[in-house]
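The values are calculated or read from the model by the stated rules, or taken from the named source; none is laboratory data. No experiment lies behind these values; they were computed from the predicted model shown. Backbone-built Cβ (ideal geometry, glycine too); neighbour counts: all protein chains shown.
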Amino acid sequence: MKTLGAAHRPLRELVADELRQRILDGRLPQGGRVIEDRLAEELGVSRNPVREAIRLVESEGLVEVTPRRGVVVSVISAEEAHDLIEVRAALEVAAVRRAANQGVAPAVLEELAAILAEGAAAAAAGQFERLSMLNTRFHDELARGSGNGALVEALRSLQNRLQLLFTAGVHRRSGKAWEEHGRILDAIRAGDADWAEAETRAHISGAASRYENNRAAAADGAAPSDAAATPDGAGAQA
């Protein structure tokens, strides 16, 4: 376990980074408790920066501090999940259509291609802990390719909640998302806004369907079926 006490950034930020990552890659599941003493010991810091870090991630909507249970990872309701998916779809469709119609800077296309290759390789190698971060980078870069700063910021504001939403089943959903990412990028390169929109909607719709299947399976106390959790992506890969 890495320790953070010797790093140069403020400890609260470093601890917040680690706590955030544990939540978003599924090591700390929705509804799971965050034990201050244990986290402090594992990271080699005192409890004070841990408490400050918890306040930071609480402000991002990733944890809740309750009088009876202490600190728990936020649970996204079915209603909020629907709202998040609906808003994300509208914003990303607008972003990819704009990118396809206006063209994307070569540097952005190169970065998208590099992330795509890295993500596909990580998925193939079973490096699931990397996929959430790579997926976030890919979608953020897609939004940047639209050239619309407001779209970029709007999508970034949803980023953590979306990652939390799609964390379940990371080990089962690692391949297909990167194939879908590739088709979205192909459509943008071709300057075909309708194709880009269709691929984006299919990508988000498929992930939403698998989320619902996983949620239903969890409610029944069963593991998601292979049909319900075919490879889609890691973390927020939707």
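Considered as a group, the residues in region 47-56 that are more than 14 Å from residue 28 (Cβ to Cβ) and in contact with a helix residue (DSSP H, G or I) (Cβ under 6 Å, 6 or more places away or on another chain) include one that is surrounded by the most Cβ atoms within 10 Å (Cβ to Cβ), and that residue is 49.
Quick check, is residue 47 farther than 22 Å from residue 133 by Cβ and basic (Lys, Arg)? Steps first, answer last, please.
Numbers: farther than 22 Å from residue 133 by Cβ: yes; basic (Lys, Arg): yes.
So residue 47 passes the test.
Confirm whether residue 9 is free of Cβ contacts under 8 Å to residues at least 60 places away in the same chain, surrounded by fewer than 20 Cβ atoms within 10 Å (Cβ to Cβ) and assigned to a loop (DSSP other than H, G, I, E, B). Here the answer is yes, as residue 9 does meet what is asked. Applying the set (1) of a type outside the set (A, V, I, L, M); (2) assigned by TED's automatic domain parsing to the domain that holds residue 126; (3) in contact with a Ser or Thr (Cβ under 6 Å, 6 or more places away or on another chain) to residue 110 leaves exactly one unmet item: (3). Residues in region 76-104 that are under 18 Å from the mean Cα position of the chain (by Cα) and aliphatic (A, V, I, L, M): 76, 78, 81, 84, 85, 87, 89, 90, 91, 93, 95.
Check region 15-35 and report whether any residue there is surrounded by fewer than 16 Cβ atoms within 10 Å (Cβ to Cβ) and more than 21 Å from the chain's Cα centre (by Cα). Checked region 15-35: at least one residue is surrounded by fewer than 16 Cβ atoms within 10 Å (Cβ to Cβ) and more than 21 Å from the chain's Cα centre (by Cα). Against the test of being acidic (Asp, Glu) and modelled with pLDDT under 90, the options 25, 37 yield a single qualifying residue, 25. Against the conditions (1) within 23 Å of residue 205 (Cα to Cα); (2) in contact with a strand residue (DSSP E or B) (Cβ under 8 Å, 6 or more places away or on another chain); (3) modelled with pLDDT of 95 or more, where does residue 71 fall short? Just the number, please. It is condition (1) that residue 71 fails.
Would you check if residue 44 is surrounded by fewer than 17 Cβ atoms within 10 Å (Cβ to Cβ), in contact with a Leu (Cβ under 8 Å, 6 or more places away or on another chain) and either among the aliphatic types (A, V, I, L, M) or not assigned by TED's automatic domain parsing to the domain that holds residue 165 (or both)? Considered against the rule, which asks whether it is surrounded by fewer than 17 Cβ atoms within 10 Å (Cβ to Cβ), in contact with a Leu (Cβ under 8 Å, 6 or more places away or on another chain) and either among the aliphatic types (A, V, I, L, M) or not assigned by TED's automatic domain parsing to the domain that holds residue 165 (or both), residue 44 comes out as yes. Residue count for region 23-45, restricted to those that are closer than 15 Å to residue 165 by Cβ and either in contact with a Gly (Cβ under 9 Å, 6 or more places away or on another chain) or part of a helix (DSSP H, G or I) (or both): 4. Residue-level check: of (1) at pLDDT 90 or above; (2) farther than 21 Å from residue 129 by Cβ, residue 53 misses just (2).
In summary, residue 73 fulfils each of the numbered conditions (1) of a type in the set (A, V, I, L, M); (2) over 19 Å from the mean Cα position of the chain (by Cα); (3) more than 30 Å from residue 198 (Cα to Cα); (4) surrounded by 15 or more Cβ atoms within 10 Å (Cβ to Cβ) with the single exception of condition (2).
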